[in-house]
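Notes to accompany the following structure.
The values are calculated or read from the model by the stated rules, or taken from the named source; none is laboratory data. Predicted model only: the values in this text are computed from it and were never measured. Backbone-built Cβ (ideal geometry, glycine too); neighbour counts: all protein chains shown.
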Amino acid sequence: MNRPLDAARGLLARLVPGAGAGPGAKETDADEEAVRKAFLAPGSLVPAMPTRRALRPKPDAVLEKTPEAVLEAGATAAPVGVMPVGAAMQISSGPLGEPESAGTTFAWRTPDPDPEAPSVASPEEAITRRHQAGDTAPDHLLHAPGSVDRAADDFFDGLVRRVGDR
Amino acid sequence: MTSSTGSSGVSAIAEVKTITLSNNKGGSGKTTTTVSLAAAFAERGLRVLVVDLDPQGSATEWLGGRESLIGLVELSAGGLRVSELVKSTSVVGVDLIPTCPSLVPSGEKSGNDTGLAIVRGFVRLPDYWDLILVDTPPTLGYLSLSPLVASDHVVIPVEAHALSMPGVASVMASIARARRQVNARLQVLGIVACRVNAANHTREVVAQLRARFGTVVLEHSVRESIRIAEAPALRLPITRYAPTSGVAADYRAVAGELLDRMGDLSST
């Protein structure tokens, strides 16, 4: 049994409108506490669980299916471990939507910044930059580490020397 | 190699071309692309040899082979016939030199010794095949650098993910060094974007690759597909496991584009 995932599913089910009768406030708080503990446990892949406020769908959030429905339909498991803080999940179909090409794919829609959410200033800045027209890849992603040049030089120089020696 | 005509009406390449699939980042799609392209080229009637230089042997397994006790290192020492180390595969038209324990040096041998032996092994291969595809491990070292000495072209598979981009830069740097020091004819045949899906992020990564590397990035990309994950279990390339799938079509299109770029085909 995957307690963090089950707990997260339970919490999400309660937060999605129309997912059944709403639980009492006490029960929701207990679930949230369980999820928070699970995600903060040592060794957890997720460094921190977003607050309930951050998880709550915005009024304009579009959820064509609940996460449970998607999972039961056989779609790829939701990437819980890489979910950006404060993101709302959307199901979208794109031009590549063949059956084997993840016709149902997950795209993360970042809601308005939440002042109470953990600081994610850098990623948000990166996302903002990424969407600028004519933008190119960030420089830091396009530079090879210096060790690459050194390793290649060592190998090729050594090769030339060895061939010359024989 | 003299020209001959393949079963699909595509004439063979004028001389054997060695293509290394390289990216120092793991999970970029090197093995998948190697196996899939080999099968797609064979569908066109080309004779293909896959050389598995990855000690993990994923390409070997995928093509129905198994680890061999002899490989390029042994071939370089002489006294061995090529037919002894080349194995047939589950794909008609595709042969294989499987991964081999001697790819990892032992005793007093260094990685550079093994690298040189691998280069010499490549030189000893006959020009029986039209294309030699070399699958490399996701590490920066003699196993990924030595084939650059003996290759004509490099194909760089890239997972459509932001963190894959440093891997491309790393390979480009290695190629630049190889061209300058040991192999001036080495060319980047193309960057292949793999595992592309409908998510904005993957498409943005492809757009960024194009912005940075221009037409080096192939026009065709390869979509993400569960079929690709299923195919190795049956030891079949995607073109045989799911021949009518979109991802099989993608690899066929990539193969065609690469052949066009090599410019050595003469239509019949």
Next item on the list: Please report, ordered by residue number, the helices (runs of 4 or more DSSP H) entirely within the range B:182-268 with at least 2 residues that are modelled with pLDDT under 95, surrounded by 19 or more Cβ atoms within 10 Å (Cβ to Cβ) and more than 21 Å from the chain's Cα centre (by Cα).
Entry: B:200-213
Notebook entry, point to check: Residues of the range B:214-230 being hydrophobic (A, V, I, L, M, F, W, C) and more than 8 Å from every other protein chain (Cβ to nearest Cβ), which ones?
Noted result: B:Val216, B:Val217, B:Leu218, B:Val222, B:Ile228, B:Ala229
Note to self: Take B:Ala173 and tell me if it is within 19 Å of B:Leu21 (Cα to Cα), touching a residue at least 24 places away in the same chain (Cβ under 8 Å) and among the small types (Gly, Ala, Ser).
What the structure shows: no
Notebook entry, point to check: Of the residues that make up the range B:150-160, is at least one of a type outside the set (Phe, Trp, Tyr), at the interface with another protein chain (Cβ under 7 Å from one of its Cβ atoms) and under 19 Å from B:Val35 (Cβ atoms)?
Noted result: no
Note to self: For the range B:92-131, give me each residue that is free of Cβ contacts under 8 Å to residues at least 40 places away in the same chain, surrounded by 20 or more Cβ atoms within 10 Å (Cβ to Cβ) and either out of contact with any Ser or Thr (no Cβ under 8 Å at 6 or more places or on another chain) or within 15 Å of B:Val50 (Cβ to Cβ) (or both).
What the structure shows: B:Cys100, B:Asn112
Notebook entry, point to check: Looking at (1) in a helix (DSSP H, G or I); (2) within 16 Å of the chain's Cα centre (by Cα), which is the only condition B:Ser164 fails?
Noted result: (2)
Next item on the list: Please determine, by comparing only the residues of the range B:141-158 that are in contact with a strand residue (DSSP E or B) (Cβ under 8 Å, 6 or more places away or on another chain) and surrounded by fewer than 23 Cβ atoms within 10 Å (Cβ to Cβ), which one is nearest to B:Ile118 (Cα to Cα).
Entry: B:Ala150
Next item on the list: Mind counting the residues in the range B:123-139 that are within 14 Å of chain A (Cβ to nearest Cβ), under 19 Å from A:Ala152 (Cα atoms) and not in a loop (DSSP other than H, G, I, E, B)?
Entry: 0
Checklist line | Per-region count, the range B:165-213, residues away from chain A (no Cβ under 11 Å) and among the small types (Gly, Ala, Ser) | finding: 3
Check: Looking at the range B:140-148, is at least one residue at pLDDT below 90, within 13 Å of another protein chain (Cβ to nearest Cβ) and in a loop (DSSP other than H, G, I, E, B)?
Finding: yes
Next item on the list: Considering (1) more than 12 Å from chain A (Cβ to nearest Cβ); (2) closer than 21 Å to B:Gly190 by Cα, say which one B:Val247 fails and leave the rest.
Entry: (1)
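Conditions (1) in contact with a Pro (Cβ under 9 Å, 6 or more places away or on another chain); (2) at positive phi, marked per residue:
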{"position": "B:Glu15", "(1), (2)": "no, no"}
{"position": "B:Leu21", "(1), (2)": "yes, no"}
{"position": "B:Gly29", "(1), (2)": "yes, yes"}
{"position": "B:Ser36", "(1), (2)": "yes, no"}
{"position": "B:Val51", "(1), (2)": "yes, no"}
{"position": "B:Trp62", "(1), (2)": "yes, no"}
{"position": "B:Ser68", "(1), (2)": "yes, no"}
{"position": "B:Leu72", "(1), (2)": "no, no"}
Notebook entry, point to check: So which residues in the range B:129-159 are more than 27 Å from B:Val92 (Cα to Cα) and among the charged types (D, E, K, R)?
Noted result: B:Glu159
Notebook entry, point to check: For the range B:130-150, what are the residues that are more than 19 Å from B:Leu186 (Cα to Cα) and touching a Lys or Arg at 6+ places or on another chain (Cβ under 8 Å)?
Noted result: B:Pro138
Notebook entry, point to check: Here is a list of conditions, (1) surrounded by fewer than 24 Cβ atoms within 10 Å (Cβ to Cβ); (2) in a helix (DSSP H, G or I), and B:Val171 meets all of them except one; can you say which number that is?
Noted result: (1)
